[in-house]
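Structure first, then comments.
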Amino acid sequence: MAMEVDQSEGGRVYTKQTSASGSVTVSLHPLVIMNISDHFTRVRMQNEEASPPVYGALLGSQKGRSVEICNSFELVVSIVDGHAVLDKEYFVSKEEQFKQVFSTMEFLGWYTTGDAPTEVDIKFHEQISADHENSLLLQLNPMARTSQLPVSVYESLIEIVEGQPKILFTWVPYTLATEEAERIGVDHIARSSVTGSSQTSAVAEQLSAQHGAIKMLHSRVRIILDYLKAVQEGELPKNHEILREVSSLCDQLPVLDSKSFGRDFHSQTNDVMLMSYLAAITKGLSTTSDFVSKVNVLYDRHGIGRRTRGLLF
């Protein structure tokens with residue numbers, strides 16, 4: 001094993017290189033990389049910095065030594081004396097909301113941007129580790145000019161450095177794990193995001209073909225409907241051959257007034273409305289909870305003020 005303590009522009013970098021493959025096996029989904037890239041792009045456009053750091057949480061599942069990072073969300077961070085300070089109230093609230101929607105996912109670690117972990121990252125990792133031990137660090141280097149994916153995953157360990165216990169990061173290998181929906185989405189974004197490119201994704205081609213077919217079907221149905229209206233109003237003479245073909249075409253359509261169709265249609269409609277109501281109720285409960293918390297804080301402040309005035313007078 002060899003330990004590196006390098007000097008870089010961001011401060012002292014503490015990493016430890018080891019021949020071991022790491023204590024966990026990490027599978028990374030492309031959705032996480034896309035979320036981090038989008039987060040960095042928005043923050044960079046809003047600030048004048050060339051490479052502003054961004055922070056977020058990683059969500060996924062863990063079974064034994066296998067870790068699967070599936071999703072992420074942004075964290076609210078304030079810079080105090082050059083160090084990133086986590087807004088724990090926002091973090092806890094956001095984590096609870098994600099657990100309500102994605103019950104199978106749990107907090108696995110956090111992400112940031114940069115070429116290597118720095119002292120600022122170590123201090124931030126200490127804040128995360130206070131409530132979540134064995135958290136992973138995923139770092140994306142948006143300024144890298146390489147053909148390889150500029151993403152690194154680290155796990156933390158405690159080592160003695162210069163006679164003091166320090167948190168060090170050791171690199172963990174990872175593999176990309178994609179589902180069919182993710183592969184389609186990544187292909188679509190990769191092809192459509194290139195400025196001036198004539199390439200189109202498979203999804204765009206399929207949707208364009210379906211749109212053309214539906215548009216053509218709509219125009220043909222409109223022609224038949226206009227013809228029937230003209231015949232009914234006496235503007236055109238009746239052509240029994242055409243009317244028989246229209247009647248035959250209508251007979252081929254599926255019957256939509258059957259009992260089974262009505263039952264399935266109402267069942268699906270009720271399921272969709274139920275999900276909408278649950279989302280509205282959850283949002284309302286969250287707003288009410290925030291309101292009650294603020295009222296309690298104000299009540300406690302007024303109570304302390306009254307007790308203080310009672311002691312003085």
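The values are calculated or read from the model by the stated rules, or taken from the named source; none is laboratory data. Treat the numbers as computed from the prediction; the structure is a model and nothing was measured. Quick note on the areas: whole protein, heavy atoms, side chains included, nothing else; ligands and nucleic acids left out. Shrake-Rupley method; radii C 1.70, N 1.55, O 1.52, S 1.80 Å.
At-a-glance table
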read-out	value
Too-long pairs where the Cα-Cα distance tops 24 Å, listed order kept, from Lys94/Lys166; Lys63/Lys99; Lys88/Lys294	Lys94/Lys166
Whole-angstrom gap from region 217-249 to region 41-89, using each part's C-alpha centre	62
³J(HN,Hα), Karplus 6.51/-1.76/1.60, whole Hz, each residue of region 116-128, x for Gly, Pro	6, x, 10, 4, 4, 5, 5, 5, 5, 5, 5, 5, 5
Whole-Hz couplings from phi, Karplus 6.51/-1.76/1.60, listed for region 277-288; x for Gly and Pro	5, 4, 5, 5, 5, 4, 5, x, 5, 5, 5, 5
Value of D in µm² per second that Stokes-Einstein yields for region 29-177, Kirkwood Rh from Cα pairs, at 4 °C (1.567 mPa s)	81
Distant-in-sequence amide H partners of Ala177 (H built 1.01 Å from N, under 5 Å)	Leu28, His29
Carbon + sulfur, % of accessible area of region 237-288 - ligands and nucleic acids excluded, 1.4 Å	63
